[in-house]
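Engineer: One structure is given below, represented as structure tokens, and several questions about it will come after.
The values are calculated or read from the model by the stated rules, or taken from the named source; none is laboratory data. Every value quoted in this text rests on a predicted model; they were computed, and no experiment measured them. Here the Cβ is made from the backbone with ideal geometry for all residues, glycine too, and neighbour counts use every protein chain on show.
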Amino acid sequence: SFPEMTVNFTVGETHEKIVIWGLRVNCAISFCVDLITVYLLWTKTPRNTGNYKYLLLIMQACSTLIDVHMGLLFAPVPLFPTIGAYCKGVLCFYDAHICVVTFFFLVLGCLIAQNLCVFYRHQAVLPSNHRLKITDRRYLIFVSVIFAILSEVISVLAFISKHESGHQGESRRSEYIEKNHPEMRWITRKESWIVYDPNSSIRFVIYYALILIPIQVPLYFFLIREIYQILNNRLTGMSSRTLAFHRGMVNSLLVQSLCWSFVILPVIVWIVSVFTESVLHEATSVAFLVTELFPLVNALTMIFNSPKFRQTLLFWLRIPQKKTYQPTLSLSLSVMPRERSVAN
């Protein structure tokens, strides 16, 4: 079980305003960039692109919804080291717990899409006689669906987790707060609040994540490493244009994977906070705001790692462009051609 702590802090008006306005300003900026990225993905990719384009669209759609959800619909003020929050979003007055589950679902959707991007890219560069090559399209879809389901189990576990919540005007009390952190009773006077007992079923979310992450992360980078090795071994079997195309896309995926550090590092801070109670609440709030930069950084990475997207954006901004762009690199680095357009 998780250690019992005696938590006692108050979120001041200034602190609350910084968190809420930080969410709203980030949402306003990031949402505009997200829409531009979705437009570029939909309109500026070659017509012969396959599933890869739609995976990127799914990832970007989830990223856009995360911005809207956190900045407008949910707008939470987290209460680490307690596992809880009170929120100012328009949906919180319906059900704060559903807002939490929706957040898990969208973040995992984004992560699933990126992992499948690497998986499909790996399949695209494999020789037809390779033992890992999946030639049956139905089996390829089956593997993708199973991976998505196994990842979204976290959302299901979050949905069934025991929690206590309330809204303004309700006379609900939190048994967990009363028993473990009586000085934190001010939470229940907020307009909309939710608290999870760390020793209840919510712990299975953490346990499942701790099982899944050590499997998925090494597999992700193993596939990227193998893609590079396959491309190096197929120098004589692919045209220079095809090789440049594949390498560019894998480089883009590798850079995009680094964007997840905006999520992983703050989560580490939160875990340390929950287990040790040694991290100031102000520090965990800063860590929370850092996670909200992920959609913006991910969208900008997608734009600037694609020459075609980058050119279009510079044209819109009326910024002069150097005449160094080569026709052989005119394909977007963020899309995958159908198998028939890739030389084996």
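Engineer: Among LEU223, LEU243, which is the only one that is at pLDDT 90 or above, crowded, with 16+ Cβ neighbours inside 10 Å and more than 20 Å from LYS44 (Cα to Cα)? Before you say what the answer is, go through the steps one by one.
Structural biologist: Numbers: LEU243 fails: at pLDDT 90 or above.
Unique residue meeting the criteria: LEU223.
Engineer: Please verify whether THR284 is in contact (Cβ under 8 Å) with a residue 60 or more places away in the chain and either hydroxyl-bearing (Ser, Thr, Tyr) or outside any helix (DSSP H, G or I) (or both), treating the condition exactly as stated.
Structural biologist: Details: in contact (Cβ under 8 Å) with a residue 60 or more places away in the chain: yes; either hydroxyl-bearing (Ser, Thr, Tyr) or outside any helix (DSSP H, G or I) (or both): yes.
Here the answer is yes, as THR284 does meet what is asked.
Engineer: Here's a check for you: in the range 85-104, which residue that is small (Gly, Ala, Ser) and buried (at least 23 other Cβ atoms within 10 Å of the Cβ) is modelled with the highest pLDDT? Quick ask: steps written out before the conclusion?
Structural biologist: Narrowing the range 85-104 to residues small (Gly, Ala, Ser): 85, 89, 96.
From the residues that got through so far, the ones that are buried (at least 23 other Cβ atoms within 10 Å of the Cβ) too are 85, 96.
Numbers: ALA85: 93, ALA96: 90.
Here the answer is ALA85.
Residue by residue, here is whether (1) over 25 Å from ASN199 (Cβ atoms); (2) among the hydroxyl-bearing types (Ser, Thr, Tyr) holds:
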residue	(1), (2)
TYR86	no, yes
GLY89	yes, no
ASP95	no, no
ILE98	no, no
PHE103	no, no
LEU108	no, no
ASN115	yes, no
SER128	yes, yes
LEU132	yes, no
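Engineer: Looking at PHE221, PHE309, which is the one that is under 18 Å from the mean Cα position of the chain (by Cα) and not aliphatic (A, V, I, L, M)?
Structural biologist: Values: PHE309 fails: under 18 Å from the mean Cα position of the chain (by Cα).
Only one candidate qualifies: PHE221.
Engineer: Tell me which of these ALA148 doesn't satisfy, since it passes every other one: (1) small (Gly, Ala, Ser); (2) crowded, with 18+ Cβ neighbours inside 10 Å; (3) farther than 28 Å from LEU243 by Cα.
Structural biologist: With respect to (1) small (Gly, Ala, Ser); (2) crowded, with 18+ Cβ neighbours inside 10 Å; (3) farther than 28 Å from LEU243 by Cα, ALA148 is out only on (2).
Here's the yes/no breakdown for (1) β-branched (Val, Ile, Thr); (2) in contact with a Ser or Thr (Cβ under 6 Å, 6 or more places away or on another chain):
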position	(1), (2)
HIS246	no, no
VAL250	yes, no
GLN256	no, yes
GLU277	no, no
HIS281	no, no
ALA299	no, yes
PHE304	no, no
PRO307	no, no
LEU313	no, no
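Engineer: If only one of ILE194, ILE187, ILE154 is in a strand (DSSP E or B) and crowded, with 20+ Cβ neighbours inside 10 Å, which one is it? I'd like the intermediate steps shown before the answer.
Structural biologist: Details: ILE187 fails: in a strand (DSSP E or B); ILE154 fails: in a strand (DSSP E or B).
After ruling out the rest, the residue left standing is ILE194.
Engineer: Assess whether LEU91 counts as being closer than 21 Å to TRP260 by Cα, in contact with a Cys (Cβ under 8 Å, 6 or more places away or on another chain) and not aromatic (Phe, Trp, Tyr).
Structural biologist: On the way: closer than 21 Å to TRP260 by Cα: no; in contact with a Cys (Cβ under 8 Å, 6 or more places away or on another chain): yes; not aromatic (Phe, Trp, Tyr): yes.
For LEU91, the condition - closer than 21 Å to TRP260 by Cα, in contact with a Cys (Cβ under 8 Å, 6 or more places away or on another chain) and not aromatic (Phe, Trp, Tyr) - is not met.
Engineer: Could you tell me which of the residues CYS92, CYS117, CYS110 is in a loop (DSSP other than H, G, I, E, B), under 30 Å from ALA158 (Cβ atoms) and touching a helix residue (DSSP H, G or I) at 6+ places or on another chain (Cβ under 8 Å)? Lay out the reasoning, then the answer.
Structural biologist: Values: CYS117 fails: in a loop (DSSP other than H, G, I, E, B); CYS110 fails: in a loop (DSSP other than H, G, I, E, B).
Exactly one of CYS92, CYS117, CYS110 is in a loop (DSSP other than H, G, I, E, B), under 30 Å from ALA158 (Cβ atoms) and touching a helix residue (DSSP H, G or I) at 6+ places or on another chain (Cβ under 8 Å), namely CYS92.
Engineer: Continuing with the same structure: Might you check whether a residue that is touching a residue at least 60 places away in the same chain (Cβ under 8 Å), farther than 25 Å from ALA75 by Cα and in contact with a helix residue (DSSP H, G or I) (Cβ under 8 Å, 6 or more places away or on another chain) occurs anywhere in the range 191-214?
Structural biologist: Checked against the condition, which is being touching a residue at least 60 places away in the same chain (Cβ under 8 Å), farther than 25 Å from ALA75 by Cα and in contact with a helix residue (DSSP H, G or I) (Cβ under 8 Å, 6 or more places away or on another chain), the range 191-214 yields at least one hit.
Engineer: Shifting gears a bit: Can you tell me which residues in the range 5-39 are among the hydroxyl-bearing types (Ser, Thr, Tyr) and farther than 23 Å from ALA85 by Cβ?
Structural biologist: Our first condition is that a residue be among the hydroxyl-bearing types (Ser, Thr, Tyr); within the range 5-39, this holds for 6, 10, 14, 30, 37, 39.
Across the range 5-39, the qualifying residues are THR37, TYR39.
Engineer: Quick one: which residue in THR82, THR10, THR64 is more than 23 Å from TYR207 (Cβ to Cβ), surrounded by 17 or more Cβ atoms within 10 Å (Cβ to Cβ) and polar (S, T, N, Q)?
Structural biologist: Details: THR82 fails: more than 23 Å from TYR207 (Cβ to Cβ); THR10 fails: surrounded by 17 or more Cβ atoms within 10 Å (Cβ to Cβ).
Going through THR82, THR10, THR64 in turn, just one is more than 23 Å from TYR207 (Cβ to Cβ), surrounded by 17 or more Cβ atoms within 10 Å (Cβ to Cβ) and polar (S, T, N, Q): THR64.
Engineer: Mind checking which residues of the range 120-147 are in a loop (DSSP other than H, G, I, E, B) and farther than 21 Å from LEU56 by Cβ? So that I can check it myself, show each step before the final result.
Structural biologist: First, the residues of the range 120-147 that are in a loop (DSSP other than H, G, I, E, B): 126-136.
Of everything in the range 120-147, those that are in a loop (DSSP other than H, G, I, E, B) and farther than 21 Å from LEU56 by Cβ turn out to be PRO127, SER128, ASN129, HIS130, ARG131, LEU132, LYS133, THR135, ASP136.
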